[in-house]
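Encoded as structure tokens, the structure appears first; notes follow it.
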Amino acid sequence: MKPDKTRRLKGISLLVSGAIAVLFCLYVFYIVPLVSTPGGSWADGSVEAEDRSRHVLLVGRSGNESVLRQIFEGAQEEAKRYDCVVELYMPKTVAEEKGMQELLDYAAFTEPDGVIAFMDDGDGGVQQPVNRAGRNIPLITLAQYHPSVPQVSYIGTNYSELGTLIATESISCLGGAGSIIIINTSRSNNPNYSTLMSSLKNALSGNSAISTQVLDLPSQDAITAGSGKLRRELMSEEADLIVCLSVEDTIRTAQLVASMNHIRKPRIIGLGENEVANMYLAKGTVTELFSIDSRRTGKTAMRELFEYLRYGYANNYITTDVTVRRSGK
């Protein structure tokens, strides 16, 4: 074989080998991570992730994205103390929304050292994530407390104090006099909800210039019903303020009030810090929103998780600070 032809063959061989190497790198570092996270999005924010000895996963739904990212940032700040990488996993869009059990099952598949889960109202009854060896993965829950969930720690609100705070803000919002409708869609025996409602009503009952009505509705769907009880109450234009005690109730009430352009609009005080609730606050449809201190919650969750990993125990129930955000501020 001629020398120049041999050199050409060697050159072609090197090019092919180089192309194969590039494709292999793309497969390992791009395609594999992409395929391994179906229906969700990941974020770790750390170039040192590969060198960390611990791995914690934060899971939640895309409807809570803004608060999840704040919790994530707080957890990341704390993670450096524990040589740990924190990752956030949630569905990409509301259309791809998954149940909490599906999120926990996927978390178990990745086998982290611990899972932090942002729970919603209907997430009771989920099972603790288990790794491939059959060992339980420690679970920290945030936002909504469900006694049946096998959590290491719950980090959330003192409901008695929250009820008193809502009452104080309601009285201030009305200038000490007026009428309030409290929306009640709860049909569960959740002791936290009962504590919140009882504390709120007791605090309001001490002011004779304020009339309070608890509007019992069969479900959250009944809030926006075409001829429902709340719509009829609003048509009478007697309500000065509506108080909502869950994120979903707050959003649905805001939707109803916004759609009734011909009436004198009551003010709304509610709970929540997701994207939709924030939008109604920015528009002024919602007057005040109560929410947890998300960054601090993320830090606390990490501390409790590693307390458990190191010593085998942690605080079962931790209360977080509540922030009050007002429309136009």
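Worth a mention:
- Taking a ≥ b ≥ c as the square roots of the eigenvalues of the alpha-carbon gyration tensor, the stretch 179-293 is classed rounded because a/c is under 1.5.
- Summed residue charge, Cβ within 11 Å of Arg81's Cβ, Lys/Arg positive, Asp/Glu negative: +1
- Net charge, Leu234 excluded, C-beta distance under 11 Å - Lys, Arg +1, Asp, Glu -1: +2
- Taking a Cβ cut-off of under 11 Å around Ile292, the surrounding Lys, Arg, Asp and Glu residues balance to a net charge of -1, with basic ones at +1 and acidic ones at -1.
- Estimated FRET transfer efficiency (Ser148, Ile263; beta-carbon r; R0 45 Å; 0.05): 0.65
- Between the stretch 290-306 and the stretch 137-209, the alpha-carbon center distance in angstrom: 20
- Shape category assigned to the stretch 284-329 from the gyration tensor of Cα positions, a/c cut at 1.5: prolate
- For peptides 66-72, 253-259, 314-320, sequence by mean Cβ density within 10 Å, most packed first: 66-72, 253-259, 314-320
- Beta bridges assigned by DSSP with both partners in the stretch 82-177 are antiparallel in approximately 10 percent of cases.
- A 1.4 Å probe run over the stretch 114-217, with the rest of the protein chains in place, finds 41 Å² accessible per residue.
- Residues of the stretch 310-329 with an amide N closer than 16 Å to a point placed 7 Å from the Cα of Thr168 along the Cα-to-Cβ direction: 320-326.
- When both bridge partners sit in the stretch 106-261, DSSP labels roughly 5% of those beta bridges antiparallel.
- Here's the picture: charge each Lys and Arg Cβ at +1 and each Asp and Glu Cβ at -1 in the stretch 163-303, and of Ser294, Ser236, Asn202 the one pushed furthest to the positive end of that dipole is Ser294.
- Charge dipole magnitude, Cβ of K and R +1, D and E -1 - the stretch 62-137, Cα centre, debye nearest 20: 240
- Inter-label distance for Ala133 and Arg232, nm, one decimal - labels placed 7 Å from Cα along Cα-to-Cβ: 6.2
The values are calculated or read from the model by the stated rules, or taken from the named source; none is laboratory data. Computed from a prediction, not measured in an experiment: that's the story for all the values here. No Cβ is skipped: glycine too gets one built from the backbone with ideal geometry, and neighbour counts run over all protein chains shown. What goes into the accessible areas is simple: the full protein's heavy atoms, side chains included, and nothing from ligands, DNA or RNA. Shrake-Rupley method; radii C 1.70, N 1.55, O 1.52, S 1.80 Å.
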